[in-house]
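Peer 1: Below is the structure I would like to discuss, written out as structure tokens.
The values are calculated or read from the model by the stated rules, or taken from the named source; none is laboratory data. Since the structure is predicted, the reported quantities are computational estimates derived from the model, not experimental observations. For neighbour counting, all protein chains shown are included, and Cβ atoms are generated from backbone atoms with ideal geometry for every residue, glycine included. Accessible surface areas use protein heavy atoms only, side chains included; no ligands, DNA or RNA. Shrake-Rupley method; radii C 1.70, N 1.55, O 1.52, S 1.80 Å.
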Amino acid sequence: MRSDKMKALSLAVCVLLLAVFSACAPAASTTTTAAVTTTTAAETAAAATDATTAAAPAAGGGDPVKLSFWTFQNAHQEFMADAANSWNEANPDRPIELEIGVYSYDDNHNNLLISLQSGTGAPDIVDIEIGRFANYLKGTPQLLPLNDIVEPLQDKLIMSRFENYAKDGSYYGVDYHVGVPAIYYNTEICDAAGIDIDAIKTWDQYAEAGKTVLEKTGVPMTTLEVTEHWSFYPLVTQKNSDWLGADGSVTLDDASNAEVLQFLYDMMYDSQIAVPAPGGFHHAEEYYAFMEGGGAASVWMPQWYMNRFTDYMPALNGKIAVRPLPRWEENGVYGAGLGGTGTSITNQSKSPELAKEFLSFAKLSTEGSLKTWTMLGFDPLRWDIWTMDEMKAPNKFTEFYGTGVFDMLVTLKDQLHPIHVGELYPNAQTLVQSSVVFKVLSEKSMSPQEALDAAAQELRAQQ
Amino acid sequence: MTARPSGAGMAKKIARGFFYSPKVAPYVLVLPFLISFLVFFFYPLISTVQMSFQNIAGFDEVRFIGLQNYANLLNDRFFSAIRVTFLYTFWTILILVPLPLFLAVLLNSKRKIGAGFFKAAYFIPQLTSVIVAGIFFRFAFSDSATALINTIVAAFGGEPVQWLKKSVPTMAVLVTLCVWRWLGVNIVYFLAGLQNISPELYESASMDGASAARKFLHITLPGVKPTIVYVITISVYGGFSMFAESYALFGTARTPGEIGSTMVGYIYQQAFVEARLGFGAAAGMALLLLVLLINVVQLKFFNAFETEA
């Protein structure tokens, strides 16, 4: 009798163990979910909450429909919260309740990857940075095509910015901005050196002007990033080149990319008109202090860098002129809109149509587009907005830079081409940042072609 | 009516049999551990082994590719990560065993002036979040001439050092950060070890006229040997699993020229940043085998297996 009981108990224990064990078996992704639970429990819990609340019944009865939104930028949170309020004013019969989660850059992207992989826990709407976007387009994308909100407006949009987030003819992301490459001159230093910034049309002229600035003021013409790609990449796109080809093949070791690196190297170590950006890149605290104190006469960064001056280098108020980037030849290629964050809708959304409508309202409507400028200081995706009088209405950006920025940008709107965001893009970007530019411009341990060859070889091994 | 008391009695009997049975009770008691082990360690381990032979190219494309992931591990970035991890572990062990042992002996000596204060002072860094510490070190060791450490360097007439852009200074910063955070913990381990040495041994040694150095070599050191073995074992584990320090110091898992990228950083970078989960799993397996090998060799070296038997 006793041994029977024992057997029954042992059996029960075994069954329990088996049940627990097999409960984890269905998908390999459960492993990754478990892994995250241990490292970022709070975020995962938040994700779970979002997922359940987003499952609230669809519109009807005046109850707001809950939509969840993840981002890694506080400014984007404010922008979308404002858009949700505007939506509710404009659509009192279909109110929404936007639940916003702001995570760190890595958490935002890792949690999304894991929740899409495991098929649960993803938000309705999510921000994905361009450097990571390709990860979410591998295989069958778990994001919803947005063609029905993009295509009706395509003659008013800078479409190259949608190609960056497209696969097989479907658009999966809506950016916040165009990111027109631009150059920011410190007019005080340029005036002291007696150079005419409007006369600088080519990189040769820029380098010559740099020598004058260095000679007359003792200040370098510019700073170059040695741990990120923003000094290198715009000039690559001006050579009609890229890290990857349109078909996703590796083109990083192209001779024209080596020429760009050599040009940067020469500015730094030959004519010495450039210095490495303090801190290594143009978003380092050390760099802000250096530039704000008149450390360099200029810097080239995309248009969205305007808000870094207003927010982090306020002492330069009224002293910064935004101009088109010099080109390799006077009427040569201007380059690609750079950087960006695509806002996408996941296939786990319970109200996908409403989410799409809201996304279109927030970013592609006239009102929304205007706010990407007035709230965020970005160049809106809709170029028809650029010429509107509202763009010149006083705000902190017009106060800092004057009102002529969009008059300049509108002349460039038809000259921007897309970049090639193939599957290897995240890896290519990492290699350019931590290996190519660093080894050539900072360590000086490799020649431009050697560094590019080594990186391209590593990329090709992964194809 | 009669069935109820007999039913309750039966249940009581079963419960008693259950909890008092020397055969069943142990299983029940270890069950929570067993379940969490199976769910959180064993299953992920098996799954990682499986994934390391797969190419997970997207959300629905999983392909068996044999040893290809392992073959792809033979690249410069991975070797660099192994080198950084080895060096980091080597330097941290080289410092974090003798230094805390020496300080623990001082704190344990009879002339302990302010011992309580120093114990607390050495331990407090451990209470700091590694992220906060990493950010502080990042700014303190910034390459600008006005950063904290470069100001001190300048006071001694030195040129500003690019601490986080060259491999040797970067390693120095990483090891400094580790020593600063872990010194107090190791001191606590050694203090505990020292308490176990009978004071009579020292007394009789003194009567025999042994010097302080001889007492240290022949009484203290053999006495704390188990603690030394333990500290080295956890330091090997800690060194090879290092990720947060490097991540916080550079603000990203990617470090310029890979000078501060560790093996775990590499796994993270491959699996999550570049979304190559199969390849990341293979790198994880390589790390597991490497640490196992080192721990076995090290325990063998200290005759730990024999002591157990």
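Peer 1: Can you run down the residue pairs with Cβ atoms below 9 Å, 6 or more apart or on separate chains, where the first is in region A:363-374 and charged (D, E, K, R) and the partner is surrounded by 17 or more Cβ atoms within 10 Å (Cβ to Cβ) and not in a helix (DSSP H, G or I)?
Peer 2: A:K363/A:V174; A:K363/A:D175; A:K363/A:Y176; A:K363/A:T343; A:K363/A:P380; A:K363/A:L381; A:K371/A:P380
Peer 1: Return the residues of region A:396-431 that are in contact with a helix residue (DSSP H, G or I) (Cβ under 8 Å, 6 or more places away or on another chain) and β-branched (V, I, T); say none if nothing qualifies.
Peer 2: Once the filter is applied, which keeps residues that are in contact with a helix residue (DSSP H, G or I) (Cβ under 8 Å, 6 or more places away or on another chain) and β-branched (V, I, T), region A:396-431 yields A:T398, A:T403, A:V405, A:V410, A:I419, A:V421, A:T430.
Conditions tested, residue by residue: (1) among the aliphatic types (A, V, I, L, M); (2) away from every other protein chain (no Cβ under 14 Å).
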{"residue": "A:G179", "(1), (2)": "no, yes"}
{"residue": "A:Y185", "(1), (2)": "no, yes"}
{"residue": "A:C190", "(1), (2)": "no, yes"}
{"residue": "A:T202", "(1), (2)": "no, yes"}
{"residue": "A:A207", "(1), (2)": "yes, yes"}
{"residue": "A:K216", "(1), (2)": "no, yes"}
{"residue": "A:M221", "(1), (2)": "yes, yes"}
{"residue": "A:T227", "(1), (2)": "no, no"}
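Peer 1: If you don't mind, another one. Within region A:250-267, take every residue that is part of a loop (DSSP other than H, G, I, E, B) and within 22 Å of the chain's Cα centre (by Cα) and give me the one that is farthest from A:S435 (Cα to Cα).
Peer 2: Checked region A:250-267; the qualifying residue farthest from A:S435 (Cα to Cα) is A:T251.
Peer 1: Shifting gears a bit: If you go through region B:94-119, how many residues are open to solvent by 50 Å² or more (accessible area, probe 1.4 Å) and without any contact (Cβ under 8 Å) to a residue 24 or more places away in the chain? Full working, then the answer.
Peer 2: Filtering region B:94-119 for residues open to solvent by 50 Å² or more (accessible area, probe 1.4 Å) gives B:94-95, B:98-99, B:102, B:106, B:108, B:110-113, B:116-119.
Then drop every residue that is not without any contact (Cβ under 8 Å) to a residue 24 or more places away in the chain, which leaves B:94, B:98, B:102, B:106, B:110-113, B:116-118.
Summing the residues that are open to solvent by 50 Å² or more (accessible area, probe 1.4 Å) and without any contact (Cβ under 8 Å) to a residue 24 or more places away in the chain in region B:94-119 gives 11.
Peer 1: Regarding B:A283, is this residue at pLDDT 90 or above and buried (at least 19 other Cβ atoms within 10 Å of the Cβ)?
Peer 2: yes
Peer 1: What number of residues in region A:194-233 are of a type outside the set (D, E, K, R), in a helix (DSSP H, G or I) and over 19 Å from A:G293 (Cα atoms)? Write out each step before concluding.
Peer 2: First pass over region A:194-233, keeping only residues of a type outside the set (D, E, K, R): A:194-195, A:197, A:199-200, A:202-203, A:205-207, A:209-210, A:212-214, A:217-224, A:226-227, A:229-233.
Those still in the list that are in a helix (DSSP H, G or I) too: A:197, A:199, A:203, A:205-207, A:209-210, A:212-214, A:217, A:233.
From what's left, over 19 Å from A:G293 (Cα atoms): A:197, A:199, A:203, A:205-207, A:209, A:212, A:233.
Adding up the residues that qualify gives 9.
Peer 1: Let me ask something else. Mind listing whichever residues of region A:438-447 are more than 9 Å from every other protein chain (Cβ to nearest Cβ) and either buried (at least 24 other Cβ atoms within 10 Å of the Cβ) or of a type in the set (D, E) (or both)?
Peer 2: Of everything in region A:438-447, those that are more than 9 Å from every other protein chain (Cβ to nearest Cβ) and either buried (at least 24 other Cβ atoms within 10 Å of the Cβ) or of a type in the set (D, E) (or both) turn out to be A:V440, A:L441.
Peer 1: Here is a further query. Take residues that are of a type in the set (F, W, Y) and tell me which of the helices (runs of 4 or more DSSP H) falling wholly in region B:53-148 contain 2 or more.
Peer 2: B:76-96, B:115-123, B:130-140
Peer 1: Also, quick follow-up: Please count how many residues of region B:137-176 are modelled with pLDDT under 90, buried (at least 17 other Cβ atoms within 10 Å of the Cβ) and hydrophobic (A, V, I, L, M, F, W, C).
Peer 2: Number satisfying all stated conditions: 0.
Peer 1: Give all pairs with beta carbons closer than 7 Å in which a residue from region A:157-171 that is in the same structural domain as A:G139 (by TED's automatic domain parsing) meets a residue that is in a strand (DSSP E or B); count only pairs at least 6 apart in sequence or on separate chains.
Peer 2: A:L157/A:R382; A:I158/A:L416; A:S160/A:A336; A:S160/A:L416; A:S160/A:H417; A:F162/A:Y171; A:Y165/A:Y171; A:Y165/A:G342
Peer 1: Counting only residues that are over 23 Å from A:N74 (Cβ atoms) and out of contact with any strand residue (DSSP E or B) (no Cβ under 8 Å at 6 or more places or on another chain), which one in region A:272-314 is surrounded by the most Cβ atoms within 10 Å (Cβ to Cβ)?
Peer 2: A:G280
Peer 1: Can you tell me which residue among A:A428, A:A456, A:A461, A:A451 is among the aliphatic types (A, V, I, L, M) and more than 11 Å from chain B (Cβ to nearest Cβ)?
Peer 2: On inspection, the qualifying residue turns out to be A:A456.
Peer 1: A follow-up question, please. What single numbered condition from (1) more than 30 Å from B:A286 (Cα to Cα); (2) within 11 Å of another protein chain (Cβ to nearest Cβ) fails to hold for B:Y20?
Peer 2: (2)
Peer 1: Now a separate question. Can you name the number of the only condition in (1) out of contact with any Phe, Trp or Tyr (no Cβ under 8 Å at 6 or more places or on another chain); (2) open to solvent by 10 Å² or more (accessible area, probe 1.4 Å); (3) hydrophobic (A, V, I, L, M, F, W, C); (4) not in a helix (DSSP H, G or I) that A:A454 fails?
Peer 2: In the conditions (1) out of contact with any Phe, Trp or Tyr (no Cβ under 8 Å at 6 or more places or on another chain); (2) open to solvent by 10 Å² or more (accessible area, probe 1.4 Å); (3) hydrophobic (A, V, I, L, M, F, W, C); (4) not in a helix (DSSP H, G or I), A:A454 misses (4) alone.
Peer 1: Out of region A:328-361, which residues are without any contact (Cβ under 8 Å) to a residue 40 or more places away in the chain and either open to solvent by less than 10 Å² (accessible area, probe 1.4 Å) or assigned by TED's automatic domain parsing to the domain that holds A:W70 (or both)?
Peer 2: A:E353
Peer 1: Of all residues in region A:67-89, which are under 17 Å from A:S365 (Cα atoms) and open to solvent by 60 Å² or more (accessible area, probe 1.4 Å)?
Peer 2: A:N85, A:E89 - these are the residues of region A:67-89 that are under 17 Å from A:S365 (Cα atoms) and open to solvent by 60 Å² or more (accessible area, probe 1.4 Å).
Peer 1: Let me ask you something else. Out of B:T128, B:T146, B:T48, B:T151, I need the residue that is within 25 Å of the chain's Cα centre (by Cα), under 30 Å from A:A284 (Cα atoms) and not basic (K, R). Which one?
Peer 2: On the way: B:T146 fails: within 25 Å of the chain's Cα centre (by Cα); B:T48 fails: under 30 Å from A:A284 (Cα atoms); B:T151 fails: within 25 Å of the chain's Cα centre (by Cα).
Step by step, each of B:T128, B:T146, B:T48, B:T151 is checked, and only B:T128 is within 25 Å of the chain's Cα centre (by Cα), under 30 Å from A:A284 (Cα atoms) and not basic (K, R).
Peer 1: Sticking with this one: Is one or more of the residues making up region B:238-257 within 21 Å of B:A192 (Cα to Cα) and part of a helix (DSSP H, G or I)? First the steps, then the outcome.
Peer 2: Kept after step one, since they are within 21 Å of B:A192 (Cα to Cα), are these residues of region B:238-257: B:238.
Next cut, part of a helix (DSSP H, G or I) only: B:238.
Yes, that holds for at least one residue.
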